[in-house]
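**Student:** One structure coming up, written as structure tokens, with questions to follow.
The values are calculated or read from the model by the stated rules, or taken from the named source; none is laboratory data. Owing to the predicted nature of the structure, the values given are computational and were not obtained by experimental measurement. Ideal geometry is used to build each Cβ from the backbone, glycine not excepted, and the neighbour counts take in all protein chains shown.
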Amino acid sequence: MAGRLLAIGECMVELMQAEGGLMRKSFAGDTFNTAYYARQFLPADWSVEYLSAVGKDMISDEMLAFMEGHGIGTDHVARIDGRSPGLYMIHLKDGERSFSYWRSVSAAKLLARDGDRLRAAIEASDIIVFSGITLAILPAEDVETLLAELRRAKAAGKRVVFDPNIRPRLWDDADRMRAAITEGARAATLVMPSLDDEVTHFGDAGLDETVARYRALGVDGLVVKDGAEGATLVFAENRDHVPSARVEKIVDTTSAGDSFNGGFLARLATGASPTQAARFAADVAAAVIQHHGALVAKDKLPNG
């Protein structure tokens with residue numbers, strides 16, 4: 001059955017290490033990465049769209065061409081004078097990554113400024129994906145604009161997917177961060193948090209407390225990712241655990257969670273059970289972390 005997945009957020013210029021001390025340029029960002037991996041595994045009758053904003057400069061032209069070249073629609077990406085995409089650099093140590101960011105004039109901060117455009121894009125979609133980073137980069141009034149439209153989508157029976165993806169340095173206040181993450185989850189039907197983020201920033205004692213907190217917000221489905229320990233799935237009254245896939249050598253953990261999300265949503269959208277979808281998503285994430293960068297070519301991924 002045909003459908004449409006819409007991801008909302010910020011795509012950035014990515015600089016990663018290459019041979020001989022050089023840097024390699026690409027484009028990535030949490031919700032865009034999820035869209036990219038969903039596109040790899042969704043059938044051709046599903047469309048994948050991105051909603052964001054970029055500038056009118058050359059690097060913005062390159063970013064849009066990159067999206068379209070990978071099968072991701074850009075009709076809902078606004079062009080804004082005087083702005084440009086943000087940029088980040090990946091630093092690696094023993095396969096674990098850290099980042100440096102330059103995003104002060106990021107056009108994506110204005111992605112929710114046009115409420116009519118936002119509503120039209122969401123109403124035309126079956127699955128809507130957003131994240132805590134999406135909320136973190138927006139002005140407070142635009143956060144409410146976005147959440148209001150997502151609440152409408154949830155009430156209309158659409159699948160609204162939220163990855164809290166907590167990044168405290170993007171927020172000016174920890175209490176505001178927690179409040180926005182909570183409201184983001186309340187607007188969603190499916191929440192896909194990382195357990196270590198929830199323990200660190202919400203003070204959860206462990207998995208059960210994270211599950212109880214999100215279920216109390218009216219979330220229909222919950223996928224709690226716990227790195228090498230796998231993922232816990234809670235849908236209605238059913239609870240299951242899916243182990244992570246075995247990896248001999250971790251090269252780069254960038255986009256591990258995003259690729260899991262994309263693989264999971266693609267399988268779920270096409271009729272798999274949550275457990276089946278999570279097993280496939282674990283294989284996707286395992287393949288991704290054995291290569292450099294956020295976006296790994298399809299020929300290096302599991303057969304979809």
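**Student:** Before we move on, is Glu123 in contact (Cβ under 8 Å) with a residue 60 or more places away in the chain and more than 23 Å from Met16 (Cβ to Cβ)?
**Tutor:** no
**Student:** List every residue pair whose Cβ atoms sit under 6 Å apart, with the two residues 6 or more apart in sequence or on different chains, where the first one lies in the range 265-276 and is within 15 Å of Ser125 (Cα to Cα) and the second, anywhere, is surrounded by 15 or more Cβ atoms within 10 Å (Cβ to Cβ) and hydrophobic (A, V, I, L, M, F, W, C).
**Tutor:** Leu265/Ala38; Ala266/Ala38; Ala266/Phe41; Ala266/Leu42
**Student:** Counting residues that are basic (Lys, Arg), in contact (Cβ under 8 Å) with a residue 24 or more places away in the chain and surrounded by fewer than 24 Cβ atoms within 10 Å (Cβ to Cβ), which strands (runs of 3 or more DSSP E) fully inside the range 12-65 reach at least 1?
**Tutor:** Because the criterion is at least 1 residues that are basic (Lys, Arg), in contact (Cβ under 8 Å) with a residue 24 or more places away in the chain and surrounded by fewer than 24 Cβ atoms within 10 Å (Cβ to Cβ), the strands (runs of 3 or more DSSP E) in the range 12-65 that meet it are 23-28.
**Student:** Keeping to the range 255-285, report how many residues are in contact with a Lys or Arg (Cβ under 8 Å, 6 or more places away or on another chain) and modelled with pLDDT under 95.
**Tutor:** 1
**Student:** Cβ contacts < 7 Å: first residue under 13 Å from Glu183 (Cα atoms), restricted to the range 137-151; second residue assigned to a helix (DSSP H, G or I) and among the basic types (Lys, Arg), any location; separation 6+ or different chain. Result?
**Tutor:** Glu149/Arg119
**Student:** Would you confirm whether or not the range 105-116 contains a residue that is over 16 Å from Glu183 (Cβ atoms), at pLDDT below 95 and among the polar types (S, T, N, Q)?
**Tutor:** No; the residues of the range 105-116 include none that is over 16 Å from Glu183 (Cβ atoms), at pLDDT below 95 and among the polar types (S, T, N, Q).
**Student:** Still on this model: Output the residue which, of all residues in the range 74-112 that are in contact with a helix residue (DSSP H, G or I) (Cβ under 6 Å, 6 or more places away or on another chain) and not aliphatic (A, V, I, L, M), is farthest from Leu6 (Cα to Cα). Even if it seems obvious, please write down each step before you answer.
**Tutor:** Going through the range 74-112, the residues in contact with a helix residue (DSSP H, G or I) (Cβ under 6 Å, 6 or more places away or on another chain) turn out to be 74, 76, 80, 83, 85, 112.
Then drop every residue that is not not aliphatic (A, V, I, L, M), which leaves 74, 76, 83, 85.
On the way: Thr74: 10, His76: 9, Arg83: 23, Pro85: 19 Å.
The selected residue is Arg83.
**Student:** Here is a further query. Answer yes or no as to whether Val160 is more than 26 Å from Ser84 (Cβ to Cβ) and β-branched (Val, Ile, Thr). First the steps, then the outcome.
**Tutor:** Values: more than 26 Å from Ser84 (Cβ to Cβ): yes; β-branched (Val, Ile, Thr): yes.
When the stated conditions are applied, Val160 passes them.
Yes/no per residue for (1) under 11 Å from Val161 (Cα atoms); (2) of a type outside the set (Lys, Arg):
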position: Glu183; (1), (2): no, yes
position: Leu195; (1), (2): no, yes
position: Phe202; (1), (2): no, yes
position: Ala205; (1), (2): no, yes
position: Asp208; (1), (2): no, yes
position: Arg213; (1), (2): no, no
position: Ala216; (1), (2): no, yes
position: Asp220; (1), (2): yes, yes
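**Student:** Conditions: (1) of a type outside the set (A, V, I, L, M); (2) surrounded by fewer than 20 Cβ atoms within 10 Å (Cβ to Cβ); (3) in contact (Cβ under 8 Å) with a residue 40 or more places away in the chain; (4) in a strand (DSSP E or B). Ser100 meets all but one. Number of the miss?
**Tutor:** In the conditions (1) of a type outside the set (A, V, I, L, M); (2) surrounded by fewer than 20 Cβ atoms within 10 Å (Cβ to Cβ); (3) in contact (Cβ under 8 Å) with a residue 40 or more places away in the chain; (4) in a strand (DSSP E or B), Ser100 misses (3) alone.
**Student:** Before we move on, is Leu6 in contact with a helix residue (DSSP H, G or I) (Cβ under 9 Å, 6 or more places away or on another chain), in a strand (DSSP E or B), touching a residue at least 24 places away in the same chain (Cβ under 8 Å) and closer than 28 Å to Ile166 by Cβ? Explain how you work it out, then say what you get.
**Tutor:** Values: in contact with a helix residue (DSSP H, G or I) (Cβ under 9 Å, 6 or more places away or on another chain): yes; in a strand (DSSP E or B): yes; touching a residue at least 24 places away in the same chain (Cβ under 8 Å): yes; closer than 28 Å to Ile166 by Cβ: yes.
Yes: the conditions hold for Leu6.
**Student:** Another question, if that's okay. Would you mind finding the one in Ile122, Ile128 that is under 27 Å from Ala277 (Cβ atoms), assigned to a helix (DSSP H, G or I) and of a type in the set (Val, Ile, Thr)?
**Tutor:** Details: Ile128 fails: assigned to a helix (DSSP H, G or I).
Every option except Ile122 fails the conditions.
**Student:** Name the single residue that is farthest from Gly262 (Cα to Cα) among those in the range 154-181 being out of contact with any Pro (no Cβ under 9 Å at 6 or more places or on another chain) and surrounded by 21 or more Cβ atoms within 10 Å (Cβ to Cβ). Steps first, please.
**Tutor:** Initially, the range 154-181 is screened for residues out of contact with any Pro (no Cβ under 9 Å at 6 or more places or on another chain), giving 154-161, 167-173, 175-176, 178-180.
Imposing the further condition that a residue be surrounded by 21 or more Cβ atoms within 10 Å (Cβ to Cβ) reduces the set to 159-161, 180.
Numbers: Arg159: 14, Val160: 14, Val161: 11, Ala180: 23 Å.
Filtering the range 154-181 for residues that are out of contact with any Pro (no Cβ under 9 Å at 6 or more places or on another chain) and surrounded by 21 or more Cβ atoms within 10 Å (Cβ to Cβ), the one farthest from Gly262 (Cα to Cα) comes out as Ala180.
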